[in-house]
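Each reported figure results from applying straightforward, stated rules to the coordinates on display, with no laboratory input. Keep in mind that what you see is a predicted model, and the values were worked out from it rather than measured. Virtual Cβ from ideal backbone geometry, glycine too; neighbours counted across all protein chains shown.
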Amino acid sequence: MQYNTTKCIDENQDNKTLKDMTKSGKQRPWREKKIDNVSYADILEILKIKKAFNVKQCGNVLEFKPTDEGYLKLHKTWFCKSKLCPVCNWRRAMKNSYQAQKVIEEVVKEKPTARWLFLTLSTKNAIEGDHLEQSLKHMSKAFNKLKMYTKVKKNLVGFLRSTEVTVNKNDGSYNQHMHVLLCVENAYFRKKENYITQTEWVDLWKKALQVDYRPVANIKAIKPNQKGDKDIQAAIKETSKYSVKSSDFLTDDDERNQEIVNDLEKGLYRKRMLSYGGLLKQKGSVAKSEKI
């Protein structure tokens, strides 16, 4: 594998290998992610998917600039932005988490008494790429219905929704599910007619999906107003993480890896994996221009 190591733009640059460190002193895993990126690109080449060459060029050269605070910041590079690229997924997850934190801080300032919920929605597993593609479309339309139901809409301030796809190790099927961080009016908990029970959430999700079984709809209340609160941080991490883990398609089974990548490329094509709504969408512009 040929890989151009990172370089620092600095008059005093020496020949030492550059280590990109976080503010907390942890080394960022550029090399590990790039190795996985090349493995993913090789699979694309075998499948004769055109973007294979572009994927392999992703993050080949990284240019850093020293900041006034004494640490290095990524200055220039090129990312392929493929939904399955390990490098892009890692960077995207960091960016999404940072932006979500900023957005939530702004929402809390404007709506300090609002309450927060973490909702997980799922449906039956998909079998192959075309089925996954249709299932993801169906889930997205169903969520749009769900948030417009009277009992949901009347107290909904805004939301952050992400979609994740995992591979079932037992039967090879695909589990598509959504993580939704909901901001609701304080009256959601104070008035009985506003509160939606766990059973009601399942009923509403079943209605939105128009299915004849009881799908997964798990709801949990969280408190973002406490400094360092673990619940809100966990919720942000869950909604901002990789939409697909590279460990699901970079295994010891080359033939199966190719099948999974082929299915996921079909299923995720032109799908929006993360979106904001309501007040969270309005506040989203605060963080979008900031780079990490």
**Asked** So, counting K/R as plus one and D/E as minus one, what does the shell of residues with Cβ under 9 Å around SER246 add up to?
**Response** 0
**Message:** Using Cβ counts within 10 Å as a stand-in for footprinting exposure, how do PHE53, PHE79, PHE118 rank, fewest first?
**Reply:** PHE53, PHE79, PHE118
**Message:** So for region 16-120, averaging the separation of alpha carbon pairs under 8 Å that are six or more residues apart and normalising by length, what relative contact order in percent results?
**Reply:** 20
**Complete:** About its Cα centre, the chain carries a charge dipole, from +1 on Lys and Arg Cβ atoms and -1 on Asp and Glu Cβ atoms, whose size in debye to the nearest 20 is 1340
**Message:** Distance between the C-alpha centers of region 235-270 and region 161-208? Whole Å please.
**Reply:** 22
**Fill in**
Going fewest to most other Cβ atoms within 10 Å around each Cβ, TRP205, TRP30, TRP78 line up as TRP78, TRP30, TRP205
**Request:** Enumerate the amide H contacts of ASN60 below 5 Å, restricted to partners 5 or more residues apart or on another chain; note that Pro and chain-start residues carry no placed amide H.
**Result:** TRP78
**Message:** Under 15 Å between alpha carbons, and skipping anything fewer than 8 positions from LYS56 in its own chain: which aspartates and glutamates qualify?
**Reply:** GLU32, ASP36, ASP42, GLU45
**Item:** Ordering of 144-150, 94-100 by packing [mean C-beta count within 10 Å, highest first]
**Value:** 94-100, 144-150
**Asked** Given the chain, what percent of its DSSP beta bridges are antiparallel, to the nearest 5?
**Response** 95
**Item:** Computed over region 110-288, Kirkwood Rh from alpha-carbon pairs, angstrom
**Value:** 17.4
**Request:** Compare the Cα positions of ILE46, HIS75, PHE118 along the charge dipole of the chain (+1 at Cβ of Lys, Arg; -1 at Cβ of Asp, Glu; about the Cα centre) and return the one farthest towards the positive end.
**Result:** PHE118
**Prompt:** Which residue fluctuates the most in the chain, going by a Gaussian network model with Cα springs under 10 Å, if the choices are LEU72, LEU250, LEU280?
**Reply:** LEU72
**Fill in**
Scoring the chain by relative contact order with C-alpha pairs under 8 Å, at least six apart, yields a percentage of 23
**Request:** Apply the Debye scattering formula to region 102-184, with a single equal point scatterer on each alpha-carbon and no solvent, then give log10 I(q)/I(0) at q = 0.13, 0.26 Å⁻¹.
**Result:** -0.51, -1.22
**Item:** Value of relative contact order over region 81-177, rounded to a whole percent, pairs C-alpha under 8 Å and six or more apart
**Value:** 30
**Request:** Using only the Cα atoms of region 22-90, construct the convex hull and provide its projected area averaged over every direction, in square nanometres to one decimal.
**Result:** 4.8
**Request:** DSSP loop (so not H, G, I, E, B), at most 13 other Cβ within 10 Å: list which GluC sites (Glu not before Pro) in region 110-199 pass both filters.
**Result:** GLU193
**Prompt:** At q = 0.17, 0.24, 0.28, 0.33 Å⁻¹, what base-10 log of I(q)/I(0) does the Debye formula yield for region 130-174 when every alpha carbon is treated as an equal point scatterer in vacuo?
**Reply:** -0.64, -0.90, -1.04, -1.18
